[in-house]
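Below is one structure, written out as structure tokens; the observations come after it.
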Amino acid sequence: MQCNICGGSRFTDMPKRPAVRCADCGSLERTRVAALHVTEALKPASGAHILHFAPERGLSLMLREIGGPNYRALDIDPDRYPGLNVQRFDLTEDVFDLPLDRYDLIVHNHVLEHVEANYSAVLLRLARSLSDAGTMLFSVPILPGDFTDELIVGGPDEKLRRFGPSLHVRRFSVDTLQRTLGMLFPIPDNYDLRDRFDADLLTACNIPPHHWTNFSGATVFSLRKQDLRC
């Protein structure tokens with residue numbers, strides 16, 4: 001097995017997920033799936049306009065090589081990403097400042113569960129920032145049970161008490177996927193990553209088989225603005 005982002009072959013454990021984090025670039029299952037979409041399906045042109053929120057280090061280096069000066073790495077807390085030239089961007093306040101019809105690729109993995117605003121409005125506005133041929137790749141934690149959305153008015157201590165150190169203000173679920181994200185764009189009832197990528201390639205990139213056919217935190221949605229239902 002080899003990381004398809006950096007070429008590393010050593011993987012370390014995550015809680016309840018053995019040998020899934022690349023020891024060299026830090027990629028996780030979802031990061032490598034996103035990279036497969038980029039390199040095997042989308043193949044953006046050199047100089048493509050790219051937005052990358054909460055940038056994973058290895059994926060950031062890959063996308064920066066593609067986009068060059070047209071690549072932007074963004075986060076609400078840039079200090080978390082030393083050396084990646086990340087610009088401060090608050091999706092709750094700044095998303096409407098993005099130009100329309102501009103970006104060839106927008107990437108955000110496990111971001112929407114942290115956004116303290118209407119996540120649908122944020123997702124729709126990001127989609128409107130895509131060029132006509134552009135694509136947004138994103139993932140969220142998808143768990144069994146119910147969907148929850150718990151925006152509150154409170155300081156950091158209260159939010160830490162309510163949501164824990166992960167500060168997830170919402171919880172996406174398998175059971176309500178069609179009534180949440182599926183209300184914004186079509187989502188198949190039966191997910192199979194092998195519809196896009198060969199099983200041998202998924203195995204070689206250390207994408208565990210249980211992520212191939214089940215919606216999970218490693219599922220990467222591929223969205224164009226033409227896909228929007230509204």
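The values are calculated or read from the model by the stated rules, or taken from the named source; none is laboratory data. Predicted model, so just to flag it, every value in this text is computed and none were measured. Cβ atoms come from the backbone with ideal geometry, glycine included; neighbour counts cover every protein chain shown. When the accessible area is computed, the model is the full protein with side chains, heavy atoms only, and any ligands, DNA or RNA have been set aside. Shrake-Rupley method; radii C 1.70, N 1.55, O 1.52, S 1.80 Å.
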Across region 90-100, in residue order, what do the Karplus-derived ³J(HN,Hα) couplings come to in whole Hz, using 6.51 cos²θ - 1.76 cosθ + 1.60 with θ = phi - 60° and x for Gly and Pro? 9, 4, 6, 10, 9, 4, 7, 8, 5, x, 7
Taking the Cα centre of region 162-230 as origin and charging only Cβ (+1 Lys, Arg; -1 Asp, Glu), how large is the dipole, in debye to the nearest 20? 500 debye
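Taking Cα pairs under 8 Å and at least six residues apart, what relative contact order does the chain come out at, in percent?
Working: 401 pairs, mean separation 45.6, N = 230.
RCO, the chain: 20 percent.
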Taking θ = phi - 60°, what integer Hz values does the Karplus form 6.51 cos²θ - 1.76 cosθ + 1.60 yield along region 108-117, in sequence order, with x for Gly and Pro? 8, 10, 6, 10, 4, 5, 9, 6, 8, 6
Can you figure out the FRET efficiency of Leu143 with Ser120, using R₀ = 22 Å and their beta-carbon distance, to the nearest 0.05? 0.70
With a point put 7 Å past each Cα toward its Cβ, work out how far Arg80 is from Asp200 in nm, to one decimal. 3.9 nm
Spelling it out for Thr135: with amide H atoms placed in the peptide plane at 1.01 Å from N, the residues 5 or more places away or on another chain with amide H under 5 Å from its amide H are Leu105, Ile106
Among the Cys residues of the chain, which have no other cysteine Cβ under 4.7 angstrom away? Cys205, Cys230
Calculated on alpha-carbon atoms, Rg and Dmax of region 60-218 in Å: 17.0, 48
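Given contacts defined as C-alpha pairs under 8 Å and at least six residues apart, what's the relative contact order of region 63-199, whole-number percent?
Relative contact order of region 63-199: 19 percent.
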For Met136, Met14, Met183, give the ranking by accessible area with the largest first, probe 1.4 Å. Met183, Met14, Met136
Ratio of Rg to Rh for region 1-153, alpha carbon only, Kirkwood? 0.96
Simple Cβ-charge dipole of region 30-165, Lys/Arg +1 and Asp/Glu -1, about Cα centre, in debye nearest 20: 440 debye
For Val220, the accessible surface traced by a 1.4 Å probe with all protein chains present amounts, in square angstrom to the nearest 10, to 10 Å²
For the Asp97, Ser131 Cβ pair and Förster radius 25 Å, calculated FRET efficiency rounded to 0.05 is 0.90
Can you tell me the accessible area per residue over region 129-230, all protein chains present, probe 1.4 angstrom, in square angstrom? 53 Å²
Could you state the accessible area per residue of region 7-97 in Å², with a 1.4 Å probe and every protein chain left in place? 50 Å²
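May I ask you to give the percent of accessible area on the chain that is carbon plus sulfur, with a probe radius of 1.4 Å? Walk me through the intermediate numbers first.
Values: 5660 of 11360 Å².
Whole-percent figure for carbon plus sulfur exposure: 50.
With all protein chains present and a 1.4 Å probe, how do His211, His52 order by accessible area, largest first?
On the way: His211 25, His52 0 Å².
Solvent-accessible surface, decreasing: His211, His52.
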Region 186-195 - phi-based ³J(HN,Hα) in whole Hz, Karplus 6.51/-1.76/1.60, Gly and Pro as x: x, 10, x, 5, 10, 8, 8, 4, 6, 5
Express as a percent, rounded to the nearest 5, the fraction of DSSP beta bridges in the chain (both residues included) that run antiparallel. 30 percent
